[in-house]
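The values are calculated or read from the model by the stated rules, or taken from the named source; none is laboratory data. Just so we're clear, the structure is a prediction, and the values are computed from it rather than from any experiment. Here the Cβ positions follow ideal geometry from the backbone for every residue, glycine too, while neighbour counts run over all protein chains shown. For the accessible areas, the whole protein counts, side chains as well, though only heavy atoms, and no ligand, DNA or RNA atoms are used. Shrake-Rupley method; radii C 1.70, N 1.55, O 1.52, S 1.80 Å.
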Amino acid sequence: MQETASEKIDSAPEGKQAPPTRKHDFMVVSNRLPVDRYPSDDGENSEEGWRRSPGGLVTALAPMMTKTDGAWVGWHGAPDEALEPFSHGGMDLIPVDLSTDDVELYYEGFSNATLWPLYHDVIAPPEFHRTWWESYRRVNRRFADAVIQHADHGATVWVQDYQLQLVPRMLRQARPDLRIGFFNHIPFPPPEIFAQLPWRQAIIEGLLGADLVGFQRPSDAANFMRSARRFIGASVKQQQIHVKGTDGRITHIARAQAFPISIAVDQISELAERPDIIDRARQIRQDLGNPKTILLGVDRLDYTKGIPHRLKAFEELLKEGRLTVEDATLIQVASPSRERVRQYRLLREEIEGTVGHINGSYDTMQNTAVRYLHHSYPIEEMVALYLAADVMLVTALRDGMNLVAKEYVTARTNNTGALVLSEFTGAADQLKQALLMNPHDIDGLKNTIMRAVHLPPNESRRRMKSMRKQILDHDVDHWSAEFLSALAETVVRDDS
């Protein structure tokens with residue numbers, strides 16, 4: 001799913017319990033299980049434990065899993081290791097095993113070097129390899145088989161994201177009794193770009209195995225329906241796609257619709273009011289020399305995030321004297337991402353070189369132009385950064401949603417601050433009171449940054465209050481409830 005700045009959600013560690021043997025009437029399927037392994041501190045003879053993973057998807061669905069007869073299917077994160085099903089935090093977990101080759105070919109290869117760049121408007125060139133595709137098919141089959149084995153008759157199955165696009169059709173072929181939903185956390189490209197994929201028909205047919213296919217933006221849903229019509233000749237009426245079987249009869253009607261994902265607003269809001277986090281925000285400003293303006297960028301280190309564009313704009317503002325290092329500091333948090341993939345290693349080298357050049361040119365003995373942090377941080381530290389920052393910079397070249405933007409707005413409980421937001425993010429559809437800009441337009445980006453720096457307090461409060469209300473009214477619980485309600489209403493079968 002789309003990333004957040006959250007890096008830790010405290011959860012009491014639990015050991016493995018007896019493998020669940022019952023069938024489940026609600027199942028979530030994602031590339032990763034909702035738990036992370038951590039080493040025990042009790043000595044080398046102690047077993048490792050598990051803690052709940054960060055992220056909005058887990059936060060939204062974990063309570064539902066504990067209240068229903070639910071199970072979560074996913075990889076546990078360690079290659080070449082087989083685990084039996086176990087339980088944690090009231091959730092039954094069904095691990096899917098991946099080998100080292102699977103991780104290299106299915107995940108790093110087809111998912112992240114073929115689909116990811118293709119779906120993000122070819123910001124980086126995608127690679128097409130038949131061995132990657134064959135691995136993707138095999139691994140998708142493994143996930144589908146796990147669901148088939150553990151799903152009760154008539155169960156609801158919710159498949160998550162681009163790594164598992166073939167699973168819905170595999171489930172429908174084996175278990176037509178299931179109610180199947182799919183949500184795509186990243187953009188879906190227009191047909192003119194999607195056409196490059198040699199296996200485009202299989203992907204479309206895979207997704208159309210679902211009764212409901214969800215996307216972040218209406219434009220993504222429209223792109224998918226256009227591709228379904230163009231590449232498999234599907235009959236599309238409004239948001240409904242009539243899916244035919246091998247005999248030419250309609251087997252079901254799939255619906256494509258936008259369900260913009262959000263965040264756990266209660267968690268962010270509560271942290272933003274904690275005295276120790278407010279004190280930490282003050283300390284951050286003090287450590288930076290109490291500049292008039294702190295600008296903040298928080299991203300995974302990914303070429304879709306527009307970090308080089310942001311740095312270029314900031315450097316030019318310093319060069320032109322519109323900002324000075326004495327008055328303005330940019331904090332750039334770039335959490336590690338896919339560092340085994342060559343393009344990501346090159347991006348890191350580029351960004352670190354640019355930061356070094358800016359700081360070498362503009363730093364003084366007392367002031368630093370860019371504070372670059374190539375780390376992941378716990379959510380408490382991220383909220384402190386949100387409180388410390390006067391301007392949030394979200395300059396993504398393409399983003400399914402961008403939850404960091406929503407986290408920043410939610411943390412600004414006093415309705416201060418300014419959000420500079422790329423129009424190419426899904427969040428731009430909801431946060432219309434942000435200062436929207438085109439990150440490819442460096443001059444426009446610079447002007448928008450300066451507008452944010454000098455935004456009048458009354459205008460800042462009006463904009464932030466409007467955005468906070470939108471997010472508070474549409475949190476991640478609202479997202480999951482809306483999707484599952486639509487899925488329950490969408491199922492149409494041909495019983496003739």
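Fully extending the segment from F128 to K67, taken as 0.36 nm per residue of separation minus the present Cα-Cα distance, adds 17.7 nm.
Restricting the stretch 137-167 to chymotrypsin sites (Phe, Trp or Tyr not before Pro) that sit in a DSSP loop and have at most 14 other Cβ atoms within 10 Å of their own Cβ leaves nothing. Projected onto planes of every orientation and averaged, the convex hull of the alpha-carbon atoms in the stretch 185-329 covers 13.4 nm². Per-residue extension of 0.36 nm, minus the Cα-Cα distance of M365 and R230, leaves a gain of 42.5 nm for this segment.
Calculate how steeply helix 218-232 sits against the longest principal axis of the alpha-carbon atoms of the chain, using the helix alpha-carbon long axis, and give the answer as 0 to 90 degrees to the nearest 10. The angle comes out at about 40 degrees. Residue by residue, the stretch 429-439 carries 3J(HN,Hα) couplings of 5, 9, 9, 6, 8, 5, 8, 7, 7, 9, x Hz when phi is fed to the Karplus relation 6.51 cos²θ - 1.76 cosθ + 1.60 (θ = phi - 60°); x denotes Gly or Pro.
Computed from the C-beta positions of R141 and L346 and an R0 of 35 Å, the FRET efficiency is 0.55 to the nearest 0.05.
Using 1/(1 + (r/R0)^6) with R0 = 30 angstrom and r between the beta carbons of D80 and H153, what's the FRET efficiency to the nearest 0.05? With R0 = 30 Å, the Cβ-Cβ based efficiency is 0.30. Of all lysines in the structure, those lying under 28 Å Cα to Cα from K406, and not within fewer than 8 positions of it along the same chain, are K8, K67, K292, K305, K312, K432, K446, K465, K469. The Rg/Rh ratio for the chain, using Cα coordinates for both the radius of gyration and the Kirkwood hydrodynamic radius, is 0.97. Suppose R0 equals 60 Å; then what is the FRET efficiency for K465 and A174 from their Cβ-Cβ distance, rounded to the nearest 0.05? The pair K465/A174 has a calculated efficiency of 0.75. In this label model, R322 and T416 are separated by 2.4 nm, measuring between points 7 Å along each Cα→Cβ vector. Taking only Cα atoms, what is the 0 to 90° angle, nearest 10, from helix 130-150's long axis to the longest principal axis of the chain? The angle comes out near 70 degrees.
Loop-located trypsin sites (Lys or Arg not before Pro) in the stretch 214-289 (DSSP state not H, G, I, E or B) with no more than 15 neighbouring Cβ atoms inside 10 Å: R249. Here the dipole of the chain is about 1720 debye; that uses its Cα centre as origin and unit charges on the Cβ of Lys and Arg (positive) and Asp and Glu (negative). For the stretch 370-454, GluC sites (Glu not before Pro) meeting the loop criterion (DSSP other than H, G, I, E, B) and having at most 13 other Cβ atoms within 10 Å: E423. Once the 1.4 Å probe is applied to the protein heavy atoms, the chain comes out at 40 Å² accessible per residue. Helix 457-473 and the longest principal axis of the Cα set of the chain meet at an angle near 20°.
Rounded to the nearest 5, the antiparallel percentage of DSSP beta bridges internal to the chain is 25%. Taking amide H positions as modeled 1.01 Å from N, with prolines and chain starts lacking one, the residues under 5 Å from G49 and 5 or more places away or on another chain are Y38, S40. Per residue, the convex hull around the alpha carbon atoms of the stretch 377-449 comes to 89 Å³. Diffusion coefficient (Stokes-Einstein, Kirkwood radius over C-alpha pairs, 20 °C, 1.002 mPa s) for the stretch 329-415: 145 µm²/s, rounded to a whole number. Under a model in which nothing but the beta-carbon of Lys, Arg (+1) and Asp, Glu (-1) is charged, the stretch 142-187 shows a dipole of about 120 debye around its Cα centre. The mean sequence distance of close C-alpha pairs (under 8 Å, at least 6 residues apart), as a share of the length of the stretch 188-344, puts its relative contact order at 18 percent.
Straightening the chain between I250 and E192 buys 18.2 nm, computed as 0.36 nm per residue apart minus the Cα-Cα spacing. Per-residue ellipticity at 222 nm from helix content only, as computed over the chain with -39500 (n - 2.57) for each DSSP H run of at least four residues, stands at -12000 deg cm²/dmol.
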